[in-house]
Amino acid sequence: MNSDKNVFLTRPLPQPQVERLQSLFPRFHHNQENRSLTQTELSKHVKGADALLCLLNDKIDADIIDSAGPQLRIIANYATGYDNIDIAYATQRGICVTNTPDVLTDATADLAWALLLSVSRRIVEAHEYSVKNRFKGWDPILLLGGEITGKTLGIIGAGRIGTAMAQRSRGWNMPVVYYSNKHNETLEGWGAKKAANLEDLLQVADFISLHVPLTVETKYLINRETLALLKPTAYLINTSRGKVIDEQALVDYLKNKRIAGAGLDVFENEPEIHTDLKELPNVVLAPHIGSATTETRTRMAEMAVDNIVSVLAGNKPPNLVNTEVWK
Ligand code: DGY
């Protein structure tokens, strides 16, 4: 393509897609350091861009959109979630916002299961115990955890990832209860029950896994009041967005053993992690790696670039979030 379009990428992506952008768009430029740009840097580098390829930790607010200039046509997020972008403002300006759904469903559900298994069977503690030469022989009460098979799995948010999470639970013969504003026929076909409300789910589930996007409605969905409904033997798993949980309330509940444990891939103020969370034995933490497999990240990069190529060629992008701009 002999394009005069200016494309800006905020951080290195898998190399083949960087090369694709370089060959398609001679005016392509990118931050070559593997770190997030500050808002000041972002607003400087985005100037004149027709397309912006950004990450979930780039805050694309009205100021950044304005800094780009009136020619900006697309903000392609390298993520499924897009709570980092001021969608209302982009839409008002007629700018397409795209994401990378589907391709990270399995990787994220796998990671949620890895956290569930690790926290309930105390795998991180067991590893530490082993490498520190504390294993002195089989012990009837050593590192007792929570049983998984046959326990109730509560899924909050029954979209693609919530469904994949439930699919995996079938191997553990777990009754599934889900909370969503819509019926999920796939889940119900597997015998899952739709909870009448969030409170009902929180009271019956042994494992609760969060799969909702971050919105005004879901911010602090898990808070001091809702945590009070959990069984003291329950485990909470979060691979969605950190702000869905009031982290201080969760810390207090974990400290007081009011719930059994938590497996967390996302945090309220990323990249900061609450100091107490790092010290508690009944948590397993991961640095937002839900989609971090080579295959998934490669596919996400291809999708983000496909979206840019479509829009800059005058076509509707395959993963348009704010569909109202394409009418
Ligand atoms: C997303 O795409 O929203 C994920 O959080 C990335 O892992």
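What the table below lists for this structure:
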quantity: Residue order, fewest to most surrounding Cβ atoms within 10 angstrom, among Phe207, Phe267; calculated: Phe267, Phe207
quantity: Label-point separation, Glu125 to Gln92 (7 Å along Cα→Cβ), nm; calculated: 5.1
quantity: Relative contact order (%) - the stretch 105-285, alpha-carbon pairs under 8 angstrom, separation at least six; calculated: 21
quantity: Along principal axes, Cα extents of the stretch 213-327, largest first, whole Å; calculated: 57, 31, 23
quantity: Sites Gln39 and Leu280, calculated FRET efficiency, Cβ-Cβ separation with R0 30 Å, nearest 0.05; calculated: 0.35
quantity: Largest-first principal axis extents, alpha carbons of the chain, Å; calculated: 70, 47, 32
quantity: Value of D in µm² per second that Stokes-Einstein yields for the stretch 105-285, Kirkwood Rh from Cα pairs, at 37 °C (0.692 mPa s); calculated: 198
quantity: Euclidean distance between Cα centres, the stretch 132-156 to the stretch 279-309, Å; calculated: 28
quantity: Contact order normalised by residue count of the stretch 45-173, Cα under 8 Å, 6+ apart, percent; calculated: 19
quantity: Total formal charge among the other residues, if their Cβ is under 13 angstrom from that of Asn315, Lys/Arg +1 and Asp/Glu -1; calculated: +1
quantity: Computed [θ] at 222 nm, helices only, for the chain once each DSSP H run of length n ≥ 4 contributes -39500 (n - 2.57); calculated: -9500 deg cm²/dmol
quantity: Table column - 3J(HN,Hα) (Hz), the stretch 138-150, Karplus curve with 6.51, -1.76, 1.60, x for Gly and Pro; calculated: 4, 9, x, 10, 6, 6, 5, x, x, 5, 10, 4, x
quantity: Positive-end extreme of charge dipole, the chain - chosen from His127, Ile289, Ser67 (charges on Cβ); calculated: His127
quantity: Relative contact order [Cα under 8 Å, 6+ residues apart], the chain, whole percent; calculated: 18
quantity: Unsatisfied cross-links (Cα-Cα over 30 Å) in the set Lys5/Lys182; Lys182/Lys231; Lys59/Lys278; Lys182/Lys327; calculated: Lys5/Lys182
quantity: Within a Gaussian network of the chain (alpha carbon springs, distance under 10 Å), most fluctuating of Pro101, Pro213, Pro140; calculated: Pro140
quantity: Residue order, fewest to most beta carbons within 10 Å, for His29, His183, His45; calculated: His183, His29, His45
quantity: Antiparallel DSSP beta bridges within the chain, percent to nearest 5; calculated: 5
quantity: Lys, Arg +1 and Asp, Glu -1 on Cβ, resulting dipole of the stretch 166-261 about Cα centre, debye, nearest 20; calculated: 220
quantity: Unit charges on C-beta of K, R, D, E only; dipole of the stretch 224-295, Debye; calculated: 360
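Bear in mind these aren't lab numbers, they're just calculated from the coordinates by the rules spelled out. Keep in mind that what you see is a predicted model, and the values were worked out from it rather than measured. FYI the Cβ positions are ideal-geometry reconstructions off the backbone, even for glycines, and counts take in every protein chain you see.
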